[in-house]
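> Got a structure for you, written out below as structure tokens; questions coming shortly.
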Amino acid sequence: MAKKPSSSSNRKQAAPLETSASIEEQVKAFLAGGGEIEQVPKGVSGQTNTSGPKHITLGKKPRA
């Protein structure tokens, strides 16, 4: 039995120039609407870590 092609393989990827032009248009619209672009210094994260540590526990161990 032949494998059925997935829908993602049927889609054609956008050309890089179309993507760049689209991003440029979106940025212009954002700035025209009063938006501001904040430049984050190199080596500094723009995200704040509000969550706790990302440790996971495998299995159920009784806590003391």
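The values are calculated or read from the model by the stated rules, or taken from the named source; none is laboratory data. Quick caveat: nothing in here was measured; it's all calculated off a predicted structure.
> State which residue is modelled with the lowest pLDDT when the search covers only the stretch 27-55 and only residues that are part of a loop (DSSP other than H, G, I, E, B) and charged (D, E, K, R).
The extreme case among them is K54.
Condition check ((1) at pLDDT 75 or above; (2) of a type outside the set (V, I, T)) across all residues:
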{"position": "M1", "(1), (2)": "no, yes"}
{"position": "P5", "(1), (2)": "no, yes"}
{"position": "S9", "(1), (2)": "no, yes"}
{"position": "E25", "(1), (2)": "yes, yes"}
{"position": "T57", "(1), (2)": "yes, no"}
{"position": "R63", "(1), (2)": "no, yes"}
